[in-house]
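What follows is one structure encoded as structure tokens, with my remarks underneath.
Every number here is computed from the coordinates shown, using simple stated rules; none is lab data. On a predicted model such as this, the values are computed, not experimentally measured, just so you know. Here the Cβ positions follow ideal geometry from the backbone for every residue, glycine too, while neighbour counts run over all protein chains shown.
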Amino acid sequence: MIGPMLTLFAALALVAQSPSVPPQATQMPPPVPPVPAPVTPAIEADTRPYVALVTDLGTIIVRIEDKRAPVTAANFLRYVDAKRLDGFKFYRSTKSWGPANQLIQAGNRGDARRNFPPIAHEPTTTTGLTNCKGALSMARLNPGDATSDFFLLLSDIKGFDADAVGGDGAGFAVFGEIVGGAEVAEAIFNAPISPTAGEGVMVGQMLEPQVTIKTARRVPAPANVPAGCVVKAP
């Protein structure tokens with residue numbers, strides 16, 4: 001009996017030395033899924049060109065909507081890059097039209113050979129732009145005959161948009177806006193007017209003396225430029 005008893009005691013001793021492990025402890029916990037990193041929306045770089053118009057009365061900086069109005073923008077930048085705007089004049093202020101129709105007009109008042117050929121008209125109904133205060137728009141007589149003359153608006157003139165009620169359905173092509181030097185544009189608007197110069201509706205709107213654009217050059221985007229108003233809200 002001694003042999004079997006010793007074997008039994010040895011087995012009991014081994015059992016006593018073994019830790020009691022609950023069955024569930026032998027199972028691995030399910031993996032915890034990783035927390036996805038927050039998605040930061042991509043900020044589209046502003047690649048629109050900026051141009052500084054250095055005048056007798058100071059500098060105006062305009063932003064060019066070359067994606068929305070490619071034909072009109074390319075025409076303006078062609079004059080800038082060829083330095084043909086140098087010496088052009090701000091020659092018109094529409095103070096006589098009252099506070100709701102304020103603009104200044106600039107262009108080639110000398111040798112017509114400095115003009116490039118006329119460009120196709122880009123109506124605001126196509127570009128998604130609008131003639132709001134600060135807008136840079138092409139001057140024209142008829143759609144498709146614009147060359148070098150342009151407006152800077154100092155008030156909203158919605159009647160210039162292609163879809164304006166009572167308009168000609170074409171309007172004036174917007175292709176940029178003032179982002180710096182608005183006070184210079186105001187000074188040009190308020191400059192002295194000749195009482196007799198001009199023809200037709202332009203009598204009483206001709207600046208005297210005219211304000212010269214000394215240089216027009218592309219410049220880097222200024223810091224903290226305003227969002228602007230020419231791009232119509234969706």
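Along the axis of the charge dipole computed for region 100-157 (Cβ charges of +1 for Lys and Arg, -1 for Asp and Glu, origin at the Cα centre), the listed residues ALA135, ALA120, GLY107 are led at the positive end by GLY107. Annotation for ALA227 and GLU186: the two label points, set 7 Å from Cα along the Cα-Cβ direction, are 2.3 nm apart. Assuming a ≥ b ≥ c are the square roots of the Cα gyration tensor eigenvalues, decide whether region 48-186 counts as rounded (a/c under 1.5), prolate (otherwise, with a/b larger than b/c) or oblate. Rounded.
Between GLU208 and SER96, the modelled label-to-label distance comes to 1.2 nm, taking each label 7 Å out from Cα in the direction of the beta carbon. Note on ALA82 and ASP46: the model spin-label points, each 7 Å out from Cα along the C-beta direction, lie 2.9 nm apart. Peptides 71-78, 164-171, 58-65 ranked from most to least packed, by the mean per-residue count of other Cβ atoms within 10 Å: 58-65, 71-78, 164-171. Note on region 75-117: with charges restricted to the Cβ of Lys and Arg (+1) and Asp and Glu (-1), its dipole about the Cα centre is near 100 debye.
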